[in-house]
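Each remark here refers to the structure printed beneath this line.
Please treat every number below as a calculation from the coordinates, not as lab data. Because the structure is a prediction, the values reported are computed rather than measured. A quick note on method: Cβ atoms are made from the backbone with ideal geometry, for glycine too, and the neighbour counts reach across all protein chains shown.
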Amino acid sequence: MRKTGRVVIVDEACITCSAAAEIAALLTEDAATFSALRKPPKRVCAPDVPIPYSPIMERFCLPDAARVVAGIRDVLG
């Protein structure tokens, strides 16, 4: 993170109250870490909805490779 100044956090949990939210909060709370960031941390997570039981519908909620790549492009652009 200190080398690029950018962070992408990927988590299968919902975006609110997840491990990704806590990691992003920890990164922005520390003054030294915050000043090293060039862009805000990007969280790639499931939306704030119950995860469906159906495997076909579950694929639409969980982060996939395309959403991770989009998150990486977002912090690079």
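Tabulated data
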read-out: Sites Asp74 and Ser54 - FRET efficiency at Förster radius 35 Å, r taken between beta-carbons, to 0.05; value: 0.75
read-out: Rounded to the nearest 20 debye, dipole of the chain from Cβ charges on Lys, Arg, Asp, Glu; value: 500
read-out: Inter-probe distance in nm under a simple model that places probes 7 Å from Cα toward Cβ, at Leu26 and Glu12; value: 2.1
read-out: Rounded tilt (10° steps) of 65-76 against the dominant C-alpha axis of the chain; value: 20
read-out: Summed residue charge, Cβ within 14 Å of Glu22's Cβ, Lys/Arg positive, Asp/Glu negative; value: -2
read-out: Helix 19-29 axis, angle to the chain major axis (alpha carbon atoms, nearest 10°); value: 20
